[in-house]
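The values are calculated or read from the model by the stated rules, or taken from the named source; none is laboratory data. The model shown is predicted, which means the values in this text are computed figures rather than measured ones. Don't worry about glycine lacking a Cβ; one is built from the backbone with ideal geometry, like all the others, and counts go over all protein chains shown. We work out accessible area using only protein heavy atoms, side chains counted, and drop any ligands, DNA or RNA first. Shrake-Rupley method; radii C 1.70, N 1.55, O 1.52, S 1.80 Å.
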Amino acid sequence: MSPTGSDARSSLDDATDAILAARAADGDLRAFEVLVRRHGPLMRAYATRILGSNSDSDDVVQETFITAWERLPELQDPAATKAWLMRITSRKAIDRIRARKQDMPLGEWDAPAPESESPHQRAEAASQRERLTRALGTLSEAQRECWTLREIGGHSYAEIAEELDVRPSTVRGLLARARQKLMQEMEEWR
């Protein structure tokens, strides 16, 4: 007896990212749809944080999934599908920001830059971002995921717990340790 469409779909909903990515790389569109449903909201929130625009973030997520579909056979570690999708999202969002700057009307090229865009401020901000990136690298993967979902994605503790399949109390503990570690690592920027 073969499973019905909804039975097959529910079994795919419960599958790991590694299984879904492997099946999608072999052309299984339903497995890819589960990945889209599972990770699309987080990718959209992340892109919105980077871009500051919902319409641009929707385009970035769509472009990310197109690229992912085309490049899934190249994915070395299917278990790292979420991280891989987030990296593609980040690159696409940055490309979108670069494209915005290139599309600026000529009249705006000579406008004076706000103080926040001065070379000194930009260098300091870049240095802070670099330091934060290094500091995030000192966290465990679980701490980094919790911190990113909360601080960049704006997710609630309950949403993070559901996304990471842990208890909300675990999320609180991971976030507390992540914040403490980041404060120590970023002390010089206070």
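Remarks
- Distance between the C-alpha centres of the stretch 160-190 and the stretch 119-154: 12 Å, rounded to the whole angstrom.
- On full extension, the segment bounded by ALA158 and ALA176 gains 4.9 nm, given 0.36 nm per residue less the C-alpha separation.
- Compared with the direct C-alpha span, the chain from THR138 to ARG87 gains 16.5 nm at full extension, assuming 0.36 nm per residue.
- Accessible area per residue (1.4 Å probe, heavy atoms of protein chains only) ranks ASP26, ASP56, ASP13 as ASP26, ASP13, ASP56, with the largest value leading.
- Note on ILE66: accessible area approximately 90 square angstrom, rounded to 10, probe 1.4 Å, nucleic acids and ligands left out.
- Cα gyration tensor, the stretch 9-62 - rounded (a/c under 1.5), prolate or oblate: prolate
- Accessible area, probe 1.4 Å, largest first, for residues TRP69, TRP147: TRP69, TRP147
- With the whole protein complex present, THR148 retains an accessible surface near 40 Å², based on a 1.4 Å probe.
- Summing charges over all other residues whose Cβ lies under 10 Å from the Cβ of LEU175, with Lys and Arg as +1 and Asp and Glu as -1, gives +3.
- For the set ASP17, ASP165, ASP95, solvent exposure ranked by accessible area (probe 1.4 Å, protein chains only) runs largest to smallest as ASP165, ASP95, ASP17.
- Fraction of accessible area attributable to carbon and sulfur, the stretch 151-190 (%, probe 1.4 Å): 47 percent
- Chain lengthening between ARG131 and GLU187 when straightened (0.36 nm per residue, less Cα-Cα): 19.1 nm
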